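Visitor: Handing you a structure now.
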Amino acid sequence: MTIRRYAGRTGWWIAPDTDPDEKAKRLAGLIAIYIAVVGLSLPATALSAASPAGTAWRLTATSAGTAWGLAPASSMGTYPRLDAYCAARVQQYPERVAANATANTTIPPAGTDFHWGPWVNQTPEMAYNFSKVDGNFSGTTDEILEWAACKWGMDQNIAKAEAMAESSWYQSTVGDNGDSYGILQVRAAPDGSSASANNGWGGYPWTQKSTALDADAQMAYLRAVYDGQSYMGNGGNGSPALKGDIWNAVSTWQSGSDTGPDSYTQEIQGYLASQAWRRSYPLHSAMPAGVIP
């Protein structure tokens, strides 16, 4: 069993058995394991209401409720949600791909200039959204994708299906002849330019170094397109035809145009329907109670 606590994120409560002696023994054992094996001290914890008799110790989130699923199209400024709000509502998962560990724990320092490129300035909402991208979260790959989806009111499972299509779940993926980076392949520069020029979406090298920054940026993009505020349609003054159409919005990430759902979209829909990340990268059977595989 592991307990994580991230910057800006509330802790986890321990729900006990009803037997006080058994409760004390289990708590003492948990503390001993962490001190002896991990070498870390437990974060401050509190006991929740007693569990039904016979229920094992488990971890339950301190914040009630979640913020999952696709939120309706909205006006500029409705999103993002606060980083800490979503961090407190992320479902806890072990890591599926160990190679992501370093990038998953890399949080850009506050005030970092990400060198966003000219593409973010296509509409006021797109520019506003990217100004709120900060990658201020650390966790496993599942947790990061859920956090970014929550922040921008997107569906967390669509984000995970996109990660399968874009990078096969590997943050280290480099695509488009060295121009696109990360778990969701944020394109730093167009064809013929160096990524360091950051004359596309920009964000390099942080979109390569930080999984959270990469996911944050792509979800910010999707929110603007889904809200009908991208360069496509309406003379570049917003795309009302795309408003509320999530699959059309998803298709534009690859095509860069309002072509409607295509083979790329169908691929993501297939991954979504099959929950492909669970089959391709199954979690270890001995998981903490409360973890969704």
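Visitor: What residue, among those in the range 89-98 that are of a type outside the set (D, E, K, R) and over 13 Å from the mean Cα position of the chain (by Cα), is most open to solvent (accessible area, probe 1.4 Å)?
Guide: So the residue we want is A98.
Visitor: Consider E143 carefully, then state whether it is open to solvent by less than 50 Å² (accessible area, probe 1.4 Å), at pLDDT below 95, in contact with a helix residue (DSSP H, G or I) (Cβ under 9 Å, 6 or more places away or on another chain) and at negative phi.
Guide: no
Visitor: In the range 61-70, is there at least one residue being touching a helix residue (DSSP H, G or I) at 6+ places or on another chain (Cβ under 9 Å), open to solvent by less than 50 Å² (accessible area, probe 1.4 Å), more than 22 Å from M164 (Cα to Cα) and at pLDDT 90 or above?
Guide: Checked against the condition, which is being touching a helix residue (DSSP H, G or I) at 6+ places or on another chain (Cβ under 9 Å), open to solvent by less than 50 Å² (accessible area, probe 1.4 Å), more than 22 Å from M164 (Cα to Cα) and at pLDDT 90 or above, the range 61-70 yields no hits at all.
Visitor: Going by the conditions given, is T252 at pLDDT 85 or above, open to solvent by less than 10 Å² (accessible area, probe 1.4 Å), of a type in the set (S, T, Y) and within 17 Å of the chain's Cα centre (by Cα)?
Guide: No; evaluated as a whole, the condition is false for this residue.
Visitor: What's the number of the only condition in (1) closer than 18 Å to Q92 by Cα; (2) outside any helix (DSSP H, G or I); (3) open to solvent by 10 Å² or more (accessible area, probe 1.4 Å) that F137 fails to meet?
Guide: For F137, the failing item is (3).
Visitor: List the residue pairs whose Cβ atoms are under 9 Å apart, where the first residue sits in the range 113-134 and is touching a residue at least 60 places away in the same chain (Cβ under 8 Å) and over 15 Å from Y181 (Cβ atoms), the second is open to solvent by 70 Å² or more (accessible area, probe 1.4 Å) and among the small types (G, A, S), and the two are 6 or more positions apart or on different chains.
Guide: The qualifying pairs are V120/S131; E125/S75; D134/A110.
Visitor: Can you name every residue in the range 168-181 that is surrounded by fewer than 23 Cβ atoms within 10 Å (Cβ to Cβ) and not in a loop (DSSP other than H, G, I, E, B)?
Guide: Those that are surrounded by fewer than 23 Cβ atoms within 10 Å (Cβ to Cβ) and not in a loop (DSSP other than H, G, I, E, B): V174, G175, D176, N177, G178.
Visitor: Is at least one residue of the range 99-111 touching a residue at least 12 places away in the same chain (Cβ under 8 Å), in contact with a Phe, Trp or Tyr (Cβ under 8 Å, 6 or more places away or on another chain) and either surrounded by 23 or more Cβ atoms within 10 Å (Cβ to Cβ) or part of a helix (DSSP H, G or I) (or both)?
Guide: Yes, the range 99-111 has at least one match.
Visitor: From G153, G139, G175, grab the single residue that is under 23 Å from S280 (Cα atoms), under 13 Å from the mean Cα position of the chain (by Cα) and small (G, A, S).
Guide: G139
Visitor: Quick check: is even one residue across the range 143-150 in a loop (DSSP other than H, G, I, E, B) and in contact (Cβ under 8 Å) with a residue 40 or more places away in the chain?
Guide: No.
The values are calculated or read from the model by the stated rules, or taken from the named source; none is laboratory data. Only a predicted model underlies this, so the values are computations on that prediction, with no experimental measurement involved. So basically every Cβ, Gly included, is an ideal-geometry build from the backbone, and we count neighbours across all protein chains shown. We work out accessible area using only protein heavy atoms, side chains counted, and drop any ligands, DNA or RNA first. Shrake-Rupley method; radii C 1.70, N 1.55, O 1.52, S 1.80 Å.
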